[in-house]
1. Among the listed residues 46, 84, 107, identify the single one that is surrounded by 12 or more Cβ atoms within 10 Å (Cβ to Cβ), in contact (Cβ under 8 Å) with a residue 12 or more places away in the chain and farther than 18 Å from residue 215 by Cα.
2. Every residue in segment 147-171 that is β-branched (Val, Ile, Thr) and assigned to a helix (DSSP H, G or I), please.
3. Is there a residue in segment 89-96 that is on the phi < 0 side of the Ramachandran plot, crowded, with 17+ Cβ neighbours inside 10 Å and either at pLDDT 90 or above or among the acidic types (Asp, Glu) (or both)?
4. Kindly establish whether residue 30 is aliphatic (A, V, I, L, M) and loosely packed, with under 14 Cβ neighbours inside 10 Å.
5. Being within 27 Å of residue 14 (Cβ to Cβ), at pLDDT below 90, in a helix (DSSP H, G or I) and touching a helix residue (DSSP H, G or I) at 6+ places or on another chain (Cβ under 9 Å) narrows it down to one residue among 186, 181; which is it?
6. Can you tell me which of 51, 62 is assigned to a helix (DSSP H, G or I), open to solvent by less than 70 Å² (accessible area, probe 1.4 Å), modelled with pLDDT under 85 and closer than 30 Å to residue 132 by Cβ?
7. Could you tell me which residue of segment 126-146 is nearest to residue 220 (Cα to Cα), considering only residues that are basic (Lys, Arg) and either open to solvent by less than 70 Å² (accessible area, probe 1.4 Å) or assigned to a strand (DSSP E or B) (or both)?
8. Has segment 88-102 got any residue that is in contact with a Lys or Arg (Cβ under 9 Å, 6 or more places away or on another chain) and assigned to a helix (DSSP H, G or I)?
Amino acid sequence: ESFSADVSHELKNPLASLKNSNELLIDNKIDEDSKKLLLQNMQRDIDRINTLISDISSYTLTQVEIADELFYDFDLISFLNDFIKSYSFNSKNIDIKLECKSSESIIHANKDKLAQVLINLIDNSLSYSPKNSTILIHHKNLQNRTLLYIVDQGAGISFNLKEKIFERFYTDRPDNQNKHSGLGLSIAKKILESFSGSIELSVNEFKYYSGACFKITLPLKE
């Protein structure tokens, strides 16, 4: 019920804007410059609705997949080494640096879903990071847990938002909302919880990295 209410709320805003713009165009009482602006706004609203529908579909599908996914044992460090290869080349020439404090880290999870989490976090970091900067993935084992820190050199996120950023449909991208639904971190959180893990916005204690720091905690295989 809560999810349905959230979806309805998010879709109503761009739909209302489209309706108003359409009515103004039908009345045909505005100049050509205003018409051009209205059409640009309508395209923005259409893009927003398209993004919402796509991400809502992904969100609901993830719920089903979590219930049916296959879990197996694998080494997280080997997985991370393979994962960062896909980011060897990117448009902003950002280096993805992997720093491991352990030689092995066996977890019980689903590789595809874990990759989905990391893609979301790395893509977010790429969008906020300046060109030619570095994103750090720092790994270490601690007793019966394994910890991953993902931190960039961007502007960072206010710690006052540490809970809010994981809420459905929350986004702090006012200039580019039509491309971001605000579901990514919520999906990531649910996936990690299905592994008996967690994710949080952490205090950044990494020298030379001034941006947002996300901490992922996963249980080690006994």
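1. 46
2. 165
3. Scanning segment 89-96 turns up at least one residue that is on the phi < 0 side of the Ramachandran plot, crowded, with 17+ Cβ neighbours inside 10 Å and either at pLDDT 90 or above or among the acidic types (Asp, Glu) (or both).
4. Yes.
5. 186
6. 51
7. That would be 145.
8. Within segment 88-102, none of the residues are in contact with a Lys or Arg (Cβ under 9 Å, 6 or more places away or on another chain) and assigned to a helix (DSSP H, G or I).
The values are calculated or read from the model by the stated rules, or taken from the named source; none is laboratory data. What you see is a predicted model; the values in this text were computed from it and never measured. FYI the Cβ positions are ideal-geometry reconstructions off the backbone, even for glycines, and counts take in every protein chain you see. Remember, those area values only see protein heavy atoms, side chains included, never the ligands or the DNA or RNA. Shrake-Rupley method; radii C 1.70, N 1.55, O 1.52, S 1.80 Å.
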